[in-house]
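The values are calculated or read from the model by the stated rules, or taken from the named source; none is laboratory data. The shown structure was predicted, so the numbers you read here are calculated from the model rather than taken from an experiment. Cβ coordinates were reconstructed from backbone atoms using ideal geometry, including for glycine residues, and neighbour counts include every protein chain displayed.
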Amino acid sequence: MEGKVKLTTKQQQLLEKAIVIHERLGYTPAASQILALLLISDKVELTFDQIRTTLNLSKSATSNALNALIQIKRIEYITKMGDRKRYFRSLIISWKSKLKEVNDSIFELNSLFKEILSVRSESTLDFNHSLKEIIDFMNYMEVEMPKLFKQWEEKKR
């Protein structure tokens, strides 16, 4: 069995901070720990045992969290020739495509909200007003997000 991943004091502090943020975003504690470790570790690919022993998680908690993170495309695994182990890594490298997926989901949700608003009773004024505000903001995002991304790309050059 492989040992723990060595983390500096600063990395340990950042690990704790990242775990809390991921938990606030709705990830389970084990998934939050794994995401944080894969971001902070100097090794970008970690085995199941390295993850489990470093984070002091049970086998089932580790397995369940890894499978959930793979399913929602936050991490992936690779294999290496001649080695039966799976190596897990963050998909931070594909953040641009993930951001596009999130944007597409937001715009799809916006279309749904527009349909919902069109059939809502006028007796729920406050609710309808809030729904209209969300729709207006999402409409704004749909126009401005591509502009922001293009500006950022041009600034990088």
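Which of the following residues is out of contact with any helix residue (DSSP H, G or I) (no Cβ under 8 Å at 6 or more places or on another chain) and of a type in the set (Lys, Arg): Lys132, Lys98? Let's see the steps before the verdict.
Numbers: Lys132 fails: out of contact with any helix residue (DSSP H, G or I) (no Cβ under 8 Å at 6 or more places or on another chain).
That would be Lys98, the only listed residue that is out of contact with any helix residue (DSSP H, G or I) (no Cβ under 8 Å at 6 or more places or on another chain) and of a type in the set (Lys, Arg).
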Does the stretch 45-53 include one or more residues that are under 27 Å from Thr9 (Cα atoms) and among the aromatic types (Phe, Trp, Tyr)?
-> yes
Which ones in the stretch 32-46 are touching a residue at least 40 places away in the same chain (Cβ under 8 Å) and small (Gly, Ala, Ser)?
-> none
Considering residues of the stretch 5-44 that are in a loop (DSSP other than H, G, I, E, B) and of a type in the set (A, V, I, L, M, F, W, C) only, the residue farthest from Ile78 (Cα to Cα) = Leu25
All but one of (1) among the polar types (S, T, N, Q); (2) more than 16 Å from Arg74 (Cβ to Cβ); (3) surrounded by 14 or more Cβ atoms within 10 Å (Cβ to Cβ) hold for Asn56; which doesn't?
-> (3)
Are there any pairs with C-beta distances below 6 angstrom linking a residue in the stretch 54-77 that is in the same structural domain as Lys98 (by TED's automatic domain parsing) to a residue that is not in a helix (DSSP H, G or I), with the two at least 6 apart or on different chains, and if so which?
-> none
Subset tally (residues that are β-branched (Val, Ile, Thr), over 13 Å from the mean Cα position of the chain (by Cα) and closer than 28 Å to Ser105 by Cα) for the stretch 54-89 | 1
Give the residues of the stretch 69-93 that are of a type outside the set (S, T, N, Q), surrounded by fewer than 17 Cβ atoms within 10 Å (Cβ to Cβ) and part of a helix (DSSP H, G or I), sorted by residue number.
-> Ile70, Ile92, Ile93
Hits in the stretch 102-148 - residues which are in contact (Cβ under 8 Å) with a residue 24 or more places away in the chain, of a type in the set (A, V, I, L, M, F, W, C) and within 26 Å of Arg74 (Cα to Cα) | Ile106, Phe107, Leu109, Met138, Met141, Met145
Which of (1) out of contact with any Asp or Glu (no Cβ under 8 Å at 6 or more places or on another chain); (2) in a loop (DSSP other than H, G, I, E, B) is the odd one out, the single condition Glu2 does not satisfy?
-> (1)
Residue ID - surrounded by the fewest Cβ atoms within 10 Å (Cβ to Cβ), chosen from residues in the stretch 115-157 that are more than 16 Å from Lys96 (Cα to Cα), under 26 Å from the mean Cα position of the chain (by Cα) and aromatic (Phe, Trp, Tyr) = Tyr140
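Residues of the stretch 51-68 being in a helix (DSSP H, G or I) and within 20 Å of Val5 (Cα to Cα), which ones?
As a first pass, look at the stretch 51-68 and keep what is in a helix (DSSP H, G or I): 51-55, 59-68.
Within the stretch 51-68, Ile51, Arg52, Thr53, Thr54, Leu55, Lys59, Ser60, Ala61, Thr62, Ser63, Ala65, Leu66 qualify.
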